[in-house]
């Protein structure tokens, strides 16, 4: 019923399950029509997994606009109604109907859609985002949110969230970091919070949701611990079921999109084998901005990356990101966004080949 892990792979109904799909962060709070259009496009691309936010924190609540958490009269409040978590209920129900599986992070490291910075503002905690990991008030506010979600009864399916078969996994956060600091403090937070999640939900897989940075002797900021993340150490934590990594060569100032990616993918697959846990390339993207000609088209590069993940025994890959041209989601896009299955025909063929293998 629930997706499990066995060694470096996922299992569904005791059969190997390759997690292939897309990110589409707005699906938990957009309109029903936009949700349906986007999920249908994901199916056309051959996706089995969709990653979307299970957070929507707003500083000032406007009637008629969606929000999951907001601040009122000195308190962090939850919205369980039609402009709140009933929208996340609908995503979970639609995913089950379409035989898609969801990966859902609990909070954002970044300020988009609230995130850790907004928690700290609500709680009057200064000193930067690292206070989210350090201060008991922030930890307790985060735990209240996690408990509220996991013990929520879905108004459409009638199940508690910890019982939902369409949920593949929860993630502690989207891209948590501890920039410029020693990685042990973030590691302790991940250890504490992952154990807390597992105390409430032993059915679902759990990951950190980090970008996969290493902590070793290196000049590269991706490998030397600069971001306070230790990928290998995270994989060793007992309540973390699988690892995640992201890949954005342009943003990370890696000019050779092929050689860098080949090494980055290989290093994470090696870490998977060392820990004997699955590792998922859960975000990857290139801006199609005229700099790709020396390496091929964006579609060709993606296909090459995907093939390496598959050939080396990786647990799967999720494209960043799938958007939608219509309605309330028309503005939810960035330089990596594709807006229809037709934009990546070769990648779609690659996906389908992998899913048949």
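What the table shows:
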{"read-out": "Complete set of residues in segment 315-335 that are in contact (Cβ under 8 Å) with a residue 60 or more places away in the chain, part of a loop (DSSP other than H, G, I, E, B) and crowded, with 16+ Cβ neighbours inside 10 Å", "value": "315, 320, 321, 323, 324, 332"}
{"read-out": "Hits in segment 130-165 (condition: touching a residue at least 24 places away in the same chain (Cβ under 8 Å) and closer than 18 Å to residue 190 by Cα)", "value": "130, 133, 134, 139, 141, 142, 143, 144, 145, 146, 147, 150"}
{"read-out": "Sole residue being at pLDDT below 95 and either more than 23 Å from residue 24 (Cα to Cα) or within 20 Å of the chain's Cα centre (by Cα) (or both), chosen from 333, 246", "value": "333"}
{"read-out": "Hits in segment 84-115 - residues which are in contact with a strand residue (DSSP E or B) (Cβ under 8 Å, 6 or more places away or on another chain) and more than 24 Å from residue 71 (Cα to Cα)", "value": "91, 92, 95, 100, 101, 102, 103"}
{"read-out": "Scope segment 1-52; condition surrounded by 19 or more Cβ atoms within 10 Å (Cβ to Cβ), out of contact with any strand residue (DSSP E or B) (no Cβ under 9 Å at 6 or more places or on another chain) and assigned to a loop (DSSP other than H, G, I, E, B); matching residues", "value": "26, 29, 30"}
{"read-out": "Residues (more than 19 Å from the chain's Cα centre (by Cα) and in a loop (DSSP other than H, G, I, E, B)) located in segment 298-314", "value": "312, 313"}
{"read-out": "Meets criteria (touching a residue at least 40 places away in the same chain (Cβ under 8 Å) and closer than 22 Å to residue 3 by Cα) for residue 110", "value": "no"}
{"read-out": "Flag if residue 293 is out of contact with any strand residue (DSSP E or B) (no Cβ under 7 Å at 6 or more places or on another chain), at pLDDT below 70 and either surrounded by fewer than 19 Cβ atoms within 10 Å (Cβ to Cβ) or closer than 18 Å to residue 257 by Cα (or both)", "value": "no"}
{"read-out": "Given (1) surrounded by fewer than 17 Cβ atoms within 10 Å (Cβ to Cβ); (2) touching a residue at least 24 places away in the same chain (Cβ under 8 Å), number of the condition residue 272 does not satisfy", "value": "(1)"}
{"read-out": "Single condition residue 52 does not satisfy, out of (1) within 19 Å of the chain's Cα centre (by Cα); (2) modelled with pLDDT of 95 or more; (3) over 16 Å from residue 332 (Cα atoms)", "value": "(3)"}
{"read-out": "Matching option when the condition is out of contact with any helix residue (DSSP H, G or I) (no Cβ under 8 Å at 6 or more places or on another chain), loosely packed, with under 15 Cβ neighbours inside 10 Å and not in a helix (DSSP H, G or I), among 144, 124", "value": "124"}
{"read-out": "Residue in segment 250-260 that is buried (at least 19 other Cβ atoms within 10 Å of the Cβ) and modelled with pLDDT under 95 present", "value": "yes"}
{"read-out": "Failed condition for residue 110, given (1) under 27 Å from residue 332 (Cα atoms); (2) surrounded by 19 or more Cβ atoms within 10 Å (Cβ to Cβ); (3) modelled with pLDDT of 95 or more", "value": "(2)"}
{"read-out": "Condition check for residue 118: in contact with a strand residue (DSSP E or B) (Cβ under 6 Å, 6 or more places away or on another chain) and assigned to a helix (DSSP H, G or I)", "value": "yes"}
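Yes/no per residue for (1) out of contact with any strand residue (DSSP E or B) (no Cβ under 9 Å at 6 or more places or on another chain); (2) in contact (Cβ under 8 Å) with a residue 12 or more places away in the chain; (3) surrounded by fewer than 19 Cβ atoms within 10 Å (Cβ to Cβ):
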| site | (1), (2), (3) |
| --- | --- |
| 211 | no, yes, no |
| 217 | no, no, yes |
| 239 | no, yes, yes |
| 268 | no, yes, no |
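Residues are listed down the side, and each one gets a yes or a no for (1) more than 17 Å from the chain's Cα centre (by Cα); (2) at pLDDT 95 or above:
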site	(1), (2)
141	yes, yes
145	yes, yes
165	yes, yes
169	no, yes
188	yes, yes
196	yes, yes
219	yes, no
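The values are calculated or read from the model by the stated rules, or taken from the named source; none is laboratory data. None of the values given here were measured: they were computed from a predicted structure. Methodologically, a virtual Cβ is constructed for each residue, glycine included, from the backbone with ideal geometry; neighbour enumeration extends over all protein chains shown.
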